[in-house]
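S.K.: Quick one: structure below, then a few questions.
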Amino acid sequence: MDLTMFAVDLVAISILTFAIYLPRHPRKDLAVALLGVNIGVLAVTTALANSTVGAGLGLGLFGVLSIIRLRSDELKQTEIAYYFAALAIGLIGGLSSMPVLYGAGLIGAIVAVLAVVDAPFMMRGSRQLTMTLDRAMADIDEIKAYIERTTGMTVREVNIAEIDYVEDSTLVDARCVARKGAPATARDVAAAVR
């Protein structure tokens, strides 16, 4: 058993959690989950790699457990990416048959990709809005025009989640791009809608 990969795993998950995830998404409960899942996967992968139990069985169990975990709490797609990265880092760190440089390179690549792709400068003008509109609307073009008029953003895609004809409202999920002078935060968008 090579303790070098354990050290690589601990350094990588610490960087991912404390230097990348928490400063950008201050959600303590998910930070604890990232650390716990990583260490748990590392321990089980190490145990499976050093036993006669097939790795396929172990990976199948991880798949089932991760699906249950991800379905039990509403996570954003970005958070799912961090969660998956923590799982992958733990799996790679626990494989004793992998050369250290190769494993460290894979782990480093995972951390580096998330550090760059989730950086504040990436996709700066892109916004995802979940809005309750004050009238029941089923026409996508009408909804796009309404959102663009009230937020000042260019709407790329709209998905209608719910139309309530009794309460006269529509719940939509919109993907938008900020224009110059458009609201910068969710609070600004809410003020613009009022």
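Here, each number is a calculation from the coordinates, and none is a lab measurement. All figures in this text were calculated on a predicted structure; none of them were measured in a lab. Cβ atoms come from the backbone with ideal geometry, glycine included; neighbour counts cover every protein chain shown.
S.K.: What FRET efficiency do you get for residue 22 and residue 177 if R0 is 35 Å and r is their Cβ-Cβ distance, rounded to the nearest 0.05?
M.R.: 0.80
S.K.: Based on the alpha-carbon gyration tensor of the stretch 76-154 and its eigenvalue square roots a ≥ b ≥ c, which shape applies: rounded if a/c is under 1.5, prolate if not and a/b is larger than b/c, or oblate?
M.R.: Because a/c hits 1.5 or more and a/b exceeds b/c, the stretch 76-154 counts as prolate.
S.K.: Please give the FRET efficiency for residue 6 paired with residue 116, using the beta carbon to beta carbon distance and R0 = 25 Å, rounded to the nearest 0.05.
M.R.: Efficiency for this residue pair is about 0.45.
S.K.: For residue 169 and residue 84, what does the FRET efficiency come to when R0 = 45 Å and r is the distance between their Cβ atoms, rounded to the nearest 0.05?
M.R.: 0.80
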